[in-house]
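Report on the structure given below.
The values are calculated or read from the model by the stated rules, or taken from the named source; none is laboratory data. Small disclaimer: the values here were computed from a predicted structure and weren't measured. No Cβ is skipped: glycine too gets one built from the backbone with ideal geometry, and neighbour counts run over all protein chains shown. Heads up: the accessible areas ignore ligands, DNA and RNA and are worked out on the full protein's heavy atoms, side chains in. Shrake-Rupley method; radii C 1.70, N 1.55, O 1.52, S 1.80 Å.
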Amino acid sequence: MTAYTINRRLWSTGRYLALSLYVLFALFPLFWLFRVSISPTKLLYTEGTSLWPSMVTIENYLIVLQDTSFPTYFLNSVTVSLGTALCTTLIASAAGYAFSRFKFKGKAIIAFLLLLTQMFPLVMVIAPIYRLMQPLGLTDSLTGLIVVYTAFNTPFATFLMQSFFDAVPKDLEDAAMIDGCTRFQALIRIVLPLTLPGMMATLGFIFTAAWSELLFALMLINSESQVTFPVGLLNFISKFSVDWGQMMAAGFLALIPACIFFALIQKYLVTGMTAGAVKG
Amino acid sequence: MSAVTLNNFSKSYGKMSVLSGIDLTINSGEFIALVGPSGCGKSTLLRMIAGLEEITGGNIEIGDRTVTDLAPKDRNIAMVFQSYALYPHLSVRSNMGFSLKLRKVATEKITSAINSASTMLGLDQLLERLPKALSGGQRQRVAMGRAIVRRPDVFLFDEPLSNLDAKLRVQMRSEIKSLHQDIKTTSIYVTHDQIEAMTMADRIVVMNKGNIEQAGAPLDIYDRPESKFVAGFIGSPAMNFFTAEYKPNGSDGFININDECTIPLPKLRTLQQGTVECGIRPEHLSLSKEKKTGHSIKVTVDVVEPTGLATIVYLSFGDQKICFYTSDRPDIGPGDTVYLQLSENKLHLFDVNTGKRLN
């Protein structure tokens, strides 16, 4: 073996080692989540940081599913996240198309304002948002949460969608319009199928953002029936103790829809991300 | 087949005028080429004919219909784009049948139209493929097939061969020409390649800075350019230009180039005397090692380019560069001093200020 071959193998091994370390680092909290969720409560403190508990139980899961309001929180989260993802993607697609294809007065100003909304920390706007939503009857309601999440996610999603529309050559629409389409038909028949990966990617990003949002949900929701799961997780922390096992079981269950969702759109997401990044 | 008439066609973006006062009639069944340098407005003109760009002023008629305010889909035109603009998610068959399907044509008719176009273009084996699985030339053929199945009144071509390699370009050039000879649909072809324009078109329209410089049959434009711009743009290698002094001499006149060469000419009607731009094509010069009788200038050889078919020689005449083209293989090399003969009946004279033809 020449020095060159050895060197190349070493590099290759090193690269995989580094990647494995990274994956381990990223996935370890998830493993720990699972590990705690299947540990009996009495062993949690006695066994310390051993990688696998000496006894395994599904008791925490049963309690979470049968004796808590977790199923309600879970359904609320699904409703809010799906609603937000759909509304945002629809609005952002329309806005992104307009930014990509049309010249209109105030385009630069509107783009700047959209960008500006992304610069403030959310905490700053919570009080005014509450004051706005209250008279409209949108506090303590899932619809209210969908409205707020959609409003806050639309600017980012718009820019994302614009980049996807920019990647579709204008000639295709021109060709479709000469072939007999109106602009709207050209959009539906030609542009939309080509930006579908982009729309899926946007849907995925927004779904996850809404799925894990805590701050607004905490502030705008009061009644138990409207609580989303990130807020619901806090219920496992009482004044004097934290029910780690149940909390982790709930957390682990909450991961499932996000994982299923990403598994379904994963194909679009990867092509979508590259299609947006590299023009043409 | 329909004639296309443009009346006082103009386009401006805000205060910037891109096209002004274009009047042009394209006869039914004619193949016309719009040529000009980048930014001359030829593509904009084509897109205005297609209805893809708004018209600032004037009107357009296709056949006996005024289509100025009609949407592209209602003009019954077909366009072939430089980028091919094939729908990437549709098969070749669906690409070609797209327009007919939109018009709700019966499926059997669509199939027969696609089949006859694909046979004409040699696409029979590729109908189920996606555009990404085709080569550049095949994609170009599909784009043409998509245009043909429509049976439009007018074909518009927007630099359709620019993305192809040189060899394929020559092949597709003759394919498009023979296609036009078969189907005889009125065609408007935009190109910046004057060879394409010369070889394919019945008539060439040379554009510059948003205006038509000259319109005419290819060889008429080549032999008698109306302006220095046209003279310099049409022809490859390009025409040589010298500055010369024109003086009348009794009932005739003559020009003097650098006090070295005096060439008698018929009297100019529009100029008494003064400086003129004198143009001569590279193939209208002849080269000799010795000074011959006649009108010759002494030049130095810079570069000799043998192409096999011909030889192109670049020479220096004082500060000026001259190109000489011959089908012979002259025995000369860089640094040699030689003589170029200018034949007087091949000279083109242009006004130094306006660039307009004088003789």
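Estimated from the Cβ-Cβ distance and a Förster radius of 25 angstrom, the FRET efficiency linking B:Ser288 and B:Arg224 is about 0.35. Among the residues of segment B:85-104, those with an accessible-area drop of 50 Å² or more from chain alone to full protein complex, heavy atoms and 1.4 Å probe, are B:Tyr87, B:His89, B:Phe98, B:Leu102. Remark on B:Thr275: its backbone amide H falls under 5 Å from those of B:Tyr246, a criterion applied only to residues 5 or more positions apart or on other chains, H modelled at 1.01 Å from N. Neighbours of B:Asn27 by Cβ distance under 10 Å: Lys/Arg scored +1, Asp/Glu scored -1, total -1.
In the protein assembly as shown, a dipole from Cβ-located charges (positive for Lys and Arg, negative for Asp and Glu) runs towards its positive end, and of B:Thr191, B:Phe229, B:Ala217 it is B:Thr191 whose Cα lies farthest in that direction.
With a 1.4 Å probe on protein heavy atoms only, work out how much accessible surface A and B bury together, total over both chains, in Å² to the nearest 100.
On the way: alone 16610 and 17260 Å², together 32260 Å².
What A and B bury together is about 1600 Å².
Taking the protein heavy atoms of segment B:4-233 in the context of the full set of protein chains, the accessible area attributed to carbon and sulfur is 48 percent at 1.4 Å. Residues in the protein assembly as shown average 50 Å² of solvent-accessible surface per residue, probe 1.4 Å, ligands and nucleic acids excluded. Across segment B:104-115, coupling constants 3J(HN,Hα) worked out from phi with the 6.51/-1.76/1.60 Karplus curve, θ = phi - 60°, read 6, 6, 4, 4, 5, 5, 4, 4, 5, 5, 5, 4 Hz, and Gly and Pro carry x.
Counting every pair of alpha carbons in the protein assembly as shown, the share spaced more than 48 Å apart comes to 43 percent. Projecting label points 7 angstrom from Cα along Cα→Cβ for A:Phe120 and A:Ser141 puts them 2.3 nm apart. Coupling constants for segment B:269-280 follow from the phi torsions by the Karplus curve (6.51 cos²θ - 1.76 cosθ + 1.60, θ = phi - 60°), and in residue order they are 7, 9, 9, 6, 6, x, 6, 10, 8, 10, x, 8 Hz; glycine and proline get x. Mind listing the long-range amide H neighbours of B:Asn258? Cut-off is under 5 Å, sequence gap 5 or more, other chains count too, H placed in the peptide plane at 1.01 Å from N. Correct list: B:Glu245.
A:Thr41 to A:Thr72: FRET efficiency via 1/(1 + (r/R0)^6), r the Cβ-Cβ distance, R0 41 Å, to the nearest 0.05? Could the numbers behind the result be given before it?
Working: r = 24 Å, r/R0 = 0.58.
Result of the calculation: an efficiency of 0.95.
In this label model, B:Asn256 and B:Leu70 are separated by 6.2 nm, measuring between points 7 Å along each Cα→Cβ vector. In this structure, A:Ile6 and A:Phe31 have a Cβ-Cβ separation that, at R0 = 35 Å, corresponds to a calculated FRET efficiency of about 0.50. The charge dipole of segment A:69-277, taken about its Cα centre with unit charges on the Cβ atoms of Lys, Arg (+1), Asp and Glu (-1) only, comes to about 420 debye. Loop-resident GluC sites (Glu not before Pro) (DSSP state other than H, G, I, E or B) in segment B:30-122 with no more than 11 further Cβ atoms inside 10 Å of their Cβ: B:Glu54. Taking θ as phi - 60° and the Karplus parameters 6.51, -1.76 and 1.60, the scalar couplings of segment A:125-131 work out to 9, 4, 4, x, 4, 4, 5 Hz in sequence order, x denoting glycine and proline.
Projecting label points 7 angstrom from Cα along Cα→Cβ for B:Leu130 and A:Lys170 puts them 2.7 nm apart.
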